[in-house]
Amino acid sequence: MTAVVQDRYGEADVLYLDHIPRPTVADNEVLIRVEAASVDRGAWHLMAGLPYPLRLAGFGLRRPENRVRGLDVSGRVEAVGSSVTRVAVGQEVYGIAVGSFAEYACALETKIAAKPARLSFAQAAAVPVSGLTALQAVRDHGRVQAGQSVLVLGASGGVGIYAVQVAKAMGALVTGVCSTSKTDTVRSLGADEVLDYRVDDATDGSHRYDVIIDTGGNRRLRDLRRALTRTGRLVIVGGENGGRWLGGIDRQIRALCLSPFVSQKLGSLMASENAEDLEVLTAMIDAGVITPVIDSVHPLADTAVAVARMVDGSGCGKQIIATR
């Protein structure tokens, strides 16, 4: 099969097309004929090998252990392992499959679900990683309730787009922060107020929020606390500052250490990749309360272009890789 691979860590230019063997399913896995995949920050971190602790965690010390990148996937089930019971050959699915920048990829049965009928394969591929992260950030960590005020920093990014919609679905009053060119998109998602970060400082303390979902990754912890109510909740999702060793997790560490000593709840999350929450997202999509936003669709050969566009932040919405 054709796949996008890498033999060394680095930026998007380390990616190239190669012909490699089709993966073989384990007992609890599903082989998916990939129709579409999408780019997310997690795939970039694995491509770059940053922060360095990723390499120590088993992803490959000097070079990637797994040559094929990609996590988000949508496609058709080609084969199933002997213990798989939830899906069948021929079924259209979406979810998480390590190595989805390829014509075929294997996924654990517990990390895929039936594709939402109203979505195309490209739209479905835009959902899993970012949608799961947003759902768990808003519902489980932010514990958003109807009538609460929610601030979403990075509202036009992969996670932010879904965080705005999930918070609105839960009855919150949502303020989204993004750049000038993306305000109309964020407003179309249902945000009650949209702030241009180049003009407005959402954390200046002039307004306090019950919940802040920070997907922007670079605001100081003390500024975020200033914008919270006395008992508000902060959820830090990712982060791209902190250098090659901490790689953005320094704020999360400091937030977790400080939280027990203040009235505000400060923390972050490691998203859980599970079929149950994918089915929750499917129900919200079918109900029309969540809609994916796609910036560009790229052929498999242009995966490096898609990754570079995601990194530079010039797009609005997800970068999709179409394999067919």
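The values are calculated or read from the model by the stated rules, or taken from the named source; none is laboratory data. Quick caveat: nothing in here was measured; it's all calculated off a predicted structure. Neighbour counts are summed over all protein chains in view; Cβ atoms, including those assigned to glycine, are modelled from backbone coordinates with ideal geometry. Heavy atoms of the whole protein, side chains included, go into the accessibility calculation; ligands, DNA and RNA do not. Shrake-Rupley method; radii C 1.70, N 1.55, O 1.52, S 1.80 Å.
A few remarks follow.
- Highest-MSF residue in the chain out of R69, R230, R222 [GNM, Cα springs under 10 Å]: R222
- Here the label points at A301 and M270, each 7 Å from Cα along the C-beta direction, are separated by 4.0 nm in the simple model.
- Under 5 Å, built H, 5+ apart or other chain: amide partners of V194: G176
- When the surface is traced with a 1.4 Å probe over the full set of protein chains, T215 keeps roughly 30 Å² accessible.
- Distance-filtered residues of region 58-76 - backbone nitrogen under 17 Å, label point 7 angstrom along D18 Cα→Cβ: 59-70
- Normalised convex hull volume, region 67-182, alpha-carbon set, Å³ per residue: 141
- Part-to-part distance (alpha-carbon centres) for region 1-49 and region 153-203, which is given in Å: 31
- The residue among G176, S206, V293 whose Cα reaches farthest toward the positive pole of the charge dipole of region 158-305, with charges on the beta-carbon of Lys, Arg, Asp and Glu, is S206.
- Fraction of accessible area attributable to carbon and sulfur, region 1-124 (%, probe 1.4 Å): 52
- Candidates V127, V297, V159, ranked by Gaussian network fluctuation over the chain, Cα under 10 Å, top entry: V297
- Extent along principal axes [Cα atoms of region 148-259; Å; largest to smallest]: 38, 30, 26
- Computed lengthening from M1 to S188, 0.36 nm per intervening residue step minus Cα-Cα distance: 63.4 nm
- Summing Cβ point charges (Lys, Arg +1; Asp, Glu -1) relative to the Cα centre of the chain gives a dipole of roughly 780 debye.
- Three-way shape label, region 173-215, alpha-carbon gyration tensor, a/c 1.5: oblate
- Evaluated at q = 0.23 Å⁻¹, the base-10 log of the normalised Debye intensity for region 284-324, with identical point scatterers placed on the Cα atoms, takes the values -0.73.
- Applied to region 276-284, the Karplus parametrisation 6.51 cos²θ - 1.76 cosθ + 1.60 on θ = phi - 60° returns per-residue 3J(HN,Hα) values of 4, 6, 4, 5, 5, 4, 4, 4, 5 Hz, with x for Gly and Pro.
- Rounded, prolate or oblate (a/c below 1.5 giving rounded, otherwise prolate when a/b exceeds b/c) for region 137-211 by Cα gyration tensor: oblate
- Distance from the C-alpha centroid of region 110-150 to that of region 271-324: 11 Å, rounded to the whole angstrom.
- Per residue solvent-accessible surface (Å²) - region 278-324, probe of 1.4 Å: 40
- The chain: proportion of alpha-carbon pairs further apart than 37 angstrom, %: 14
- Relative contact order computed over the chain (Cα-Cα under 8 Å; 6+ residues apart), in percent: 19
- Apportionment of accessible area to carbon and sulfur, region 126-274, percent (1.4 Å): 50
- Bins of 5 Å from zero: percent of alpha-carbon pairs in region 1-147: 2, 10, 18, 19, 19, 16, 10, 5, 2, 1, 0
- For I294, nonlocal amide neighbours, meaning residues 5 or more places apart or on other chains whose placed amide H falls under 5 Å from its own, are K318.
- Spatially proximal lysines relative to K265 (Cα-Cα < 22 Å; intrachain offsets below 8 disregarded): K168
- Between T85 and D286, the FRET efficiency estimated from the beta carbon spacing at R0 = 22 angstrom works out to 0.45.
- Here, region 197-308 yields an orientationally averaged convex hull projection of 10.5 nm² when only Cα atoms define the hull.
- 222 nm mean residue ellipticity, helices alone, for the chain (DSSP H n ≥ 4; -39,500 (n - 2.57); rounded to 500): -6500 deg cm²/dmol
- Karplus-derived 3J(HN,Hα) values for region 12-26, using 6.51 cos²θ - 1.76 cosθ + 1.60 with θ = phi - 60°, are 4, 6, 7, 7, 7, 7, 8, 9, 10, x, 5, x, 10, 6, 7 Hz; glycine and proline are entered as x.
- On the beta carbon distance between R76 and A146, with R0 = 45 Å, the FRET formula returns roughly 0.70.
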